Amino acid sequence: MAERAIKKRRLSPPDDGRTAVPGFAKWDLEQDYEQRLQKKKKKDDKRDKLLVKTAEGHLVENPRTEQEEQEDDADSFLASGDEDGDSGVADLQPKPKPRKPSLPPKEQIRQAKEDLARIAGSISENPEENIGQLGALAELAASQNVTVKKLALATQLAVYKDIIPGYRIRPLSKDDLSGKVSKEVKKLRSFEQGLLSGYKAYMSSLSSLAVAKPSRGIDRKAANSLASVAISCSCTLLTSVPHFNNRGDLIGILVKKLSSRHADADFAKCREAIEQLFRDDEEGHASLDVVGQLTKMMKGKNWNIHESVLNTFLHLRLLSEFAHKASTNRVDKAEDEEQVGKKPKFKKEFRTKREKKVMRERKGIEKEMKEADATVSYEERDKNQSETLKLVFVAYFRILKGRVQHLMGAVLEGLAKYSHLINQDFFGDVLEVLKDLMHEAQAALAQDDDEDEQEEEEDDAELEEAMRRNATRESLLCIITAFALLQGQLDVSKSAKTLHLDLSFFIKHLYQTLVPLAMDLDVELSAKTAHLNDPNGLHVPTTSSKENKVNVATTTVLLLRSLQSVLLPPTNTKSVPPVRVAAFIKQLETLCLHLPQKSAIAVLELLKHVTKTHGGKVAALWYTEERKGDGVFDPLSQEVESSNPFASTVWEGELLRLHFDPKIREAVKAIEGNIKSARS
């Protein structure tokens, strides 16, 4: 191939720099000399690169050759290794940036305290200007130091309690964002949105920490302590600012803790917070939210919850404020509140379009002002309380139908408290369920007796569940609930005839329970009383096992409440027949011979009130010359009226006169004094 012809005209000086070039005066000789001294002498084999023409028209060496040489020098230096002969492969990776020296834990805590105090002080002094510093508090709360984390959570709690306004922040719509507002309104909106975003992040942090789940750098013990702090902060916020945004998140934290059947200190704290919220809630919005989440949680857990969670319903304000009767699906309104026929006509005033527009704007402003002032609307409160009452009745009735044993006492006590708010439809269903429960309690007693006779060491799940049951206490609770429901109705006799209810069933069952109670050694012990068994093995506990949680009241208290409902009804005392009063008095006098000291005193005090009210009806029990009956008294009769009590006398009083306790002797004398005054 023919070589390319070389141009005769040279535009650049020769490579060796020795040949004179025309126009050398235009070169900067000093700069050229300085550059030549700085560069190392290059070898001839490295000068084989083509020259590059600059923008000015000069031919110079390719600058990439210098960069490649520098890189080669650097590579050769990195690959040279150290004196020990180690390879330089590890040195090719970039060196990490130097970290800041970590402070000791005590120094971190001290510095965090100073920062938290400074930030909290500045936010509290001027919240609108320093609302952006909530992010700094959140960063401190994300520290790996557990103590710093706790301090940051507590500081955030104090700050939010201080700066949260007394109204609920409304989210901004598109029209609000696009509209023109003044500087003050814009500043207020900026403060509200900053507060809302920081509060949401704080709620998210509390929700994650309340689970007590160990994470990176946090062990189980530290996670439990952080969970306790998070739950405490949630309880305080729910009771102090229940009107503010994200109330559902706070309630969810507490309800999730209450879903556990293990009652610890945090469990009790959540329960007390909810009870306080129920007592202080005037509008009913927060109570409705809590009851809704509680009932949903109970149903999801298949009612495997602690009974104290169900007892929180007894602290609702509607027990004393709500005036209507309700059931599981409807609320009965008063007749004067229901509008019959068409609405009354009013004379319509003539208004122009402008006046109507002004009226509409004023109504909207008044509505917003009422919401801002948090004024209590009685109609809205009744609506919230009626919905809450329906949810409570649904939970109670489902537990009764499901026969959830460990919640039966709490449900019966709750129905007794809510008896004045139950309408007739729900009232009849509850009484029928109570009858079924009493039948099942009797069957459980009979089954236990048969199993004890056959095999004492049988391991059966159903038998263990039956042994946990206390049939006597359950029967007494059902009787108390039934009479409380009757007394809560305004027209007891009318409702009994309309619903065709056999009310004598409960009285007959109570009469049959008196004799077994005289043999009960745990009559003065509640289901939650701590006590020991007899070391000699003579005492077989039947009503006081650790698993038994029917009710907190003792058996004696339940018996007295039942007897007072039967013998001293508050509606119509004269309706009690003499035979019933005489039969119960005779059985109770016999019961006092076997009861412990305190129970005997309580029963005799009840008999004092009974003889003072019905002294003329039962005087024949003390005076044989006034006896009206023939035959023999049958204390084990299945019917109260067929026991023939007037065929016997109260001879037990002569033995009680010789009792070692002076209070019992005085009570017997007071009972006889009532009979004497009734005869005269």
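Computed from the coordinates by the stated procedures, all read-outs in this text should not be read as laboratory data. Since the structure is predicted, the reported quantities are computational estimates derived from the model, not experimental observations. Heads up, the Cβs are rebuilt from the backbone with ideal geometry, glycines too, and the neighbour counts pull from every protein chain shown.
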### Message
Can you find, among 582, 599, 649, the residue sitting farthest towards the positive end of the charge dipole of the range 576-680, where Lys and Arg contribute +1 and Asp and Glu -1 at Cβ?
### Response
599
### Message
Taking a ≥ b ≥ c as the square roots of the Cα gyration tensor eigenvalues, with a/c under 1.5 meaning rounded and otherwise prolate when a/b beats b/c, else oblate, which class fits the range 105-280?
### Response
oblate
### Query
Between the range 246-308 and the range 384-413, what is the C-alpha centre distance in whole Å?
15
#### Entry: Other-chain or far-sequence residues with amide H under 5 Å of residue 422's (modelled H)
326
### Query
Which of 113/256; 257/435; 200/257; 200/256 have a Cα-Cα distance over 25 Å?
113/256; 257/435
## Note on the structure
About its Cα centre, the range 576-680 carries a charge dipole, from +1 on Lys and Arg Cβ atoms and -1 on Asp and Glu Cβ atoms, whose size in debye to the nearest 20 is 420
### Query
Rounded, prolate or oblate: which one fits the range 623-677, using the alpha carbon gyration tensor with axes a ≥ b ≥ c (rounded when a/c is under 1.5, else prolate when a/b beats b/c, else oblate)?
prolate
#### Entry: Phi-based couplings in Hz for the range 245-259 (Karplus 6.51, -1.76, 1.60; Gly and Pro marked x)
5, 6, 5, x, 5, 5, 4, x, 5, 5, 5, 5, 5, 6, 6
#### Entry: Binned Cα-Cα distances of the range 576-680, short to long, each 10 Å bin given as a whole percent
16, 50, 31, 3
### Query
Is the range 193-269 best put as rounded, prolate or oblate by its Cα gyration tensor, with a ≥ b ≥ c the root eigenvalues, rounded for a/c under 1.5, and otherwise prolate when a/b is larger than b/c, oblate when not?
oblate
### Query
Size of the dipole of the range 105-280 about the Cα centre, Lys and Arg at +1 and Asp and Glu at -1 on the beta carbon, nothing else charged, in debye to 20?
460
### Label point at residue 678 placed 7 Å out along Cα→Cβ; residues across the range 578-601 whose backbone nitrogen lies under 11 Å
578-579, 581-583, 585-586
### Task
Multiply the residue gap between residue 169 and residue 187 by 0.36 nm, knock off their C-alpha separation, and tell me the result in nm, one decimal place.
5.0 nm
### Euclidean distance of C-alpha centroids, the range 160-182 and the range 629-680, integer Å
76
### Proximal lysine pairs, the range 576-680, alpha carbons under 16 Å, eight or more residues apart or interchain
14
### Query
Which net charge results when you count Lys and Arg as +1 and Asp and Glu as -1 among the other residues whose beta-carbon is under 14 Å from that of residue 148?
+1
